Structures are given as structure tokens and as C-alpha cells.
Amino acid sequence: MSSTHAKTALRVLLVEDSPLIAERVRDLLETEAGATVVHVADDENGAIRAVREHDADVMILDLQLRHGTGFNVLRALGETRPTTIIMTNYAQPQYRARAKEFGVEYFLDKSSDFEKLIGILAEIDGRRPS
């Protein structure tokens, strides 16, 4: 007799200061990627607190927040953070290099890479145990 266990939905923490973009990303994640957004934070302190309070598989992190920056979030969390996707309008090489120094797994430009999010989440989800 075989038993199949469905994998739970990918749990995403979204850190984005624009309510309009946060809503668009949430809709994309929940309808196209089958992910669950466990929390939306719009500033540095809220993001740090949310990582500690929610068991997210993935954090989608903007660099410019209402108060603080995504880099300060990464610095505060150190290595105790979920897989991280930076999604920013500031996709200059120096920011990409700094993200790499923090060990960020993915770096997306909001203006040109938005649709890549689905594939990246599928890749992350495929690496999770059943």
C-alpha cells in the first residue's frame, strides 16, 4: 500500500514598503505559485521580528523600506534567515555584490525580473523535503 503525503505550501515572508507592490506580489504568489504569504512587513524592525515569529521558507526582501533597509535586515539576522530573494528597483552592480556578500540566494530587478519569481519559488519548493 502506498501512501502519499502532500507537501505543505511554501511559506513566504514578504518585506515590501509599497502596499501596491506587496498586493501584486501576494496575488502572484498565492494564485500562480501556490505559496502562502505568512506575513507582510514594510520596515526593518517588522521584518526582523517577522523572521523570528514566523516559520517562513522564503523571504522576499526589498532593499529600500519605509524605515531602514533590507541590508540592515540581513545584517541583523545573520545566517539565521530563510532562503532570501531580494527584489528591488535598485539593481545596480554594487547592490548585487553586497547581497552576494550577505549570502543572498537570489537577486531580482522589480522592473525586469518580476515574472522570474514563479520559477525561483518552484526551484526552492523542489528542494524541500516531502
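Observations
- Top-ranked residue of the stretch 4-27 - restricted to ones that are in contact with a helix residue (DSSP H, G or I) (Cβ under 8 Å, 6 or more places away or on another chain), closer than 20 Å to L63 by Cα and hydrophobic (A, V, I, L, M, F, W, C), ranked as surrounded by the fewest Cβ atoms within 10 Å (Cβ to Cβ): I21
- The residues on offer are D55, D17, and the sole one that is charged (D, E, K, R) and either more than 27 Å from P129 (Cβ to Cβ) or touching a residue at least 60 places away in the same chain (Cβ under 8 Å) (or both) is D17.
- Residue among L108, L61 that alone is closer than 19 Å to D17 by Cβ, of a type outside the set (S, T, N, Q) and in contact with a Lys or Arg (Cβ under 7 Å, 6 or more places away or on another chain): L108
Where a number appears in this text, it was derived from the coordinates with a stated rule and is not lab data. This one's a predicted model, so the numbers in the text were calculated from it and none came from an experiment. Virtual Cβ from ideal backbone geometry, glycine too; neighbours counted across all protein chains shown.
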